[in-house]
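The values are calculated or read from the model by the stated rules, or taken from the named source; none is laboratory data. Nothing here was measured: the structure is a model prediction, and the numbers come from that model. Virtual Cβ from ideal backbone geometry, glycine too; neighbours counted across all protein chains shown. Keep in mind that these areas ignore ligands, DNA and RNA; they rest on the heavy atoms of the full protein, side chains included. Shrake-Rupley method; radii C 1.70, N 1.55, O 1.52, S 1.80 Å.
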Amino acid sequence: MCMPTTPLNLAPRIEALAAAMARVPRGLAVDGRHDIGLRLAGALLLRGVDPAAVPAACYDIAAGAGWDAAHHRRSAEDTVAKHASGQPVRSDLPPSLVPALDAFCSTVSAPAPDLREQQRRLRSAIGEVPRGRVRLVRAPCGIGKTHTTILVSQTQPVVVSTPTNELAEQVTADMRAAGGSARRLYGPASHPACRYQRQAKAIAEGGLSVRVELCEGRGVARCPYYEGCAAREGKEGEGSSTVGNHGLLGSLAAVAGAKRTLVIDEPPATIVDTRLTAEDLKHTLAELSSFEDATVAAMLPLLQQALGLLKNGPLNEPQQLRNEDAAALRRVVPHRERVLAARSHFPVARRLGEAAAVLRLLRQAISQADARVTVVEHWQTGRRQLAITALHPQLAGAVRREGKTVVMAADVELYASSYARLLGYEPELVQLQAPDGCAVRRVLVRTKAASRSNWIVRGNFPAKTLEYALSLARETGPAVGVVTFKGLKKEVSRRYPDIPVKHYKALRGLNGWKDFDAVITLGDPRMPADVAERMGINVDSAARAELEQAHGRLRVVHRTRSAAMIHVGSLVPMGWRDPIEVLQAPVGRPKRERESSLVKGFISHFSSKRAAARAAGVSHPSLLRWARGEGAPSMEVVELMRSLNRQFRGTEGSDVSGTETPM
């Protein structure tokens, strides 16, 4: 048999990846070589390597690593066949191999997908689900999930669950505008007509029913605004299709039943990892008298166990909370008098909601067979916390029902194994790709220092690196958005008040940046390794998926104007395709030579330094200090000087001496 050969464009990069794999020790308990070989083929496929080239590439990589090359070629052939049939393939590799894999795939040329064909597949994936089955759809940002769902709703009733209430309103309006009929479900707390909205939100966050507790008053003392209140109704409009947000997932699943298709767009994580502090538990213990006697009897032992475990339990070892009282598995019920007091007083509602949320979490810890309780230390402060890892109860109930379900997300393949454990079978995975509708510049500003611990805990703010990234972004245009760690957001905004800044994990459904020229992601958003281990996902893969979400705000699929995606870190965002520029981040402390040269060049165009200061709108002494390299002008003044310099030179796009971007 003729042995397939690796294409010439991949051959030069075989050696580095093979060397990385050669360092993997034999007989690993979790990531054995056989498993790694299977995942390598899947990773190459999902990163755009031509399926026909994957078996040969795996053969050469395994041979270079000193592994059984023929065995890994056969495994790769099986993986390629499985992928071609639409079945999910394993792609998560040990973190030590991800940088070498990124380098290997950084310039892989994959055929651009045809948008119409991808949207046709998406419509089929939503509209043709076998009854009683769950289908996972990897749908990149901008491919048209909402639009396609609306098209399907015109031929069959669907039930749609969205990440936010605002998006639910938009989907409902779009369905009606397209000629369909739809009703929207909402919770009273989300409706502006609610006269006690703050209290209602606090109660809802505790998992208590706002309609039962506040609106109905347990059937004894209704809300004084009960009659004619639009918030109490909980639904708006009538139609064959129904839309709501994930907070109503249980109700939406009930509406879908066995016959209608439930479409869950950008779902919550299947497994939720929540941290409780000693203060959380003590507050709940103090508030326990606000609940009925049965709740107190069931939950008091759990609270005491949790406090003891948090104080004396071993770190990072799975523990169990126990309570033989069957009442502990029932719902958490507050005293009626306390609920009535909460209706009128927000502080009461807030304390009641916070305590109810803790009790509900403890109830999940003993009622779910797979729930884990672990004592951990906070990554930044070192304080002990109780981590409770459990299934998302509403999501689990929705996908387990006897009905048709479609789960759509850009990173859904990361959770394929979680859904398989949840369902008892491997759900079908449909993987879609989206072409660029415009010229897209993708730049990796490589640095190993892009972590929370370095930039936040140690206080090493990446001033020079961020300035470098901004200079790269502005080569495409002035409208730039930055996404970074939550703990870094405030400092970035302080230094650059005119630049919109968001933080990771707060990007779903954000469309306000679609007309920006560039998006910069600052830092690798890796979750703590212990959290990833408890959730059963790969740290680097989850981080790369979050980066894809951030850059997806540019909506390049339907865009015609050029855009730039710039990441500062060590990971290549998921979904990036060739060409990718890999640049080295500047090192050392920020210097002022570039600003000084800019100011001197600006002054040279005027008859005097005072005239230059007046033109820039700054004081004469400030201008002199900047020219000497003492301090630096604001970004607004820098941009003004650059603009005037270009006008003086008469050449659009040129700049003064000394303003070149450092490499």
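Out of everything in segment 133-171 that is of a type in the set (Gly, Ala, Ser) and not in a strand (DSSP E or B), what residue ends up being nearest to LEU432 (Cα to Cα)?
Within segment 133-171, the match that is nearest to LEU432 (Cα to Cα) is ALA139.
Considering each residue of segment 379-404, count those that are more than 26 Å from VAL134 (Cα to Cα) and either surrounded by 15 or more Cβ atoms within 10 Å (Cβ to Cβ) or touching a residue at least 24 places away in the same chain (Cβ under 8 Å) (or both), and give that number.
8
Looking only at residues that are within 15 Å of ASN511 (Cβ to Cβ) and open to solvent by 10 Å² or more (accessible area, probe 1.4 Å) in segment 141-164, which one is farthest from the chain's Cα centre (by Cα)?
For segment 141-164, the residue satisfying everything is HIS147.
Residues checked against (1) of a type in the set (A, V, I, L, M); (2) surrounded by 16 or more Cβ atoms within 10 Å (Cβ to Cβ); (3) modelled with pLDDT under 85; (4) not in a loop (DSSP other than H, G, I, E, B):
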{"site": "GLU581", "(1), (2), (3), (4)": "no, no, no, yes"}
{"site": "VAL587", "(1), (2), (3), (4)": "yes, no, yes, no"}
{"site": "LYS591", "(1), (2), (3), (4)": "no, no, yes, no"}
{"site": "VAL599", "(1), (2), (3), (4)": "yes, yes, no, yes"}
{"site": "ALA611", "(1), (2), (3), (4)": "yes, no, no, yes"}
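Could you tell me whether segment 473-494 includes any residue that is in contact with a strand residue (DSSP E or B) (Cβ under 7 Å, 6 or more places away or on another chain), under 19 Å from PRO140 (Cα atoms), in contact (Cβ under 8 Å) with a residue 24 or more places away in the chain and not charged (D, E, K, R)?
yes
List pairs: first in segment 545-573 and closer than 19 Å to CYS438 by Cβ, second among the acidic types (Asp, Glu) and open to solvent by 10 Å² or more (accessible area, probe 1.4 Å), Cβ under 6 Å, 6+ apart or cross-chain?
VAL556/ASP436; PRO573/GLU548
Residue check, VAL483 against (1) open to solvent by less than 60 Å² (accessible area, probe 1.4 Å); (2) part of a helix (DSSP H, G or I); (3) closer than 30 Å to PRO267 by Cα, all met but one. Which one?
(2)
Take PHE606 and tell me if it is at pLDDT 85 or above, open to solvent by 50 Å² or more (accessible area, probe 1.4 Å), over 29 Å from the mean Cα position of the chain (by Cα) and not charged (D, E, K, R).
When the stated conditions are applied, PHE606 passes them.
Filter segment 553-573 down to the residues that are open to solvent by less than 20 Å² (accessible area, probe 1.4 Å) and either in a strand (DSSP E or B) or under 26 Å from ALA100 (Cβ atoms) (or both) and list them by number.
The answer is ALA563, ALA564, MET565, ILE566, HIS567, VAL568, GLY569, LEU571, VAL572, PRO573.
Within segment 437-480, which residues are hydrophobic (A, V, I, L, M, F, W, C), open to solvent by 30 Å² or more (accessible area, probe 1.4 Å) and in a helix (DSSP H, G or I)?
ILE456, VAL457
Can you tell which of ALA550, ALA469 is within 26 Å of SER417 (Cβ to Cβ) and at pLDDT 85 or above?
The unique qualifying residue is ALA550.
Suppose we keep only residues that are among the aliphatic types (A, V, I, L, M) and at pLDDT below 90 within segment 472-513. Which one would you say is farthest from the chain's Cα centre (by Cα)? Explain how you work it out, then say what you get.
We begin by selecting, within segment 472-513, every residue among the aliphatic types (A, V, I, L, M); these are 472-473, 479-480, 482-483, 488, 492, 499, 501, 506-507, 510.
Subset that is at pLDDT below 90: 506-507, 510.
On the way: ALA506: 7, LEU507: 7, LEU510: 12 Å.
In this case the residue turns out to be LEU510.
Please note which helices (runs of 4 or more DSSP H) are completely contained in segment 29-114 and include at least 2 residues that are modelled with pLDDT of 80 or more, open to solvent by less than 50 Å² (accessible area, probe 1.4 Å) and within 25 Å of ALA434 (Cβ to Cβ).
Numbers: elements: 33-46, 54-65, 69-84, 98-105.
Passing ranges, in order: 33-46, 54-65, 69-84.
Report yes if ARG351 is in contact (Cβ under 8 Å) with a residue 24 or more places away in the chain, buried (at least 20 other Cβ atoms within 10 Å of the Cβ) and in contact with an Asp or Glu (Cβ under 8 Å, 6 or more places away or on another chain), otherwise no.
Yes.
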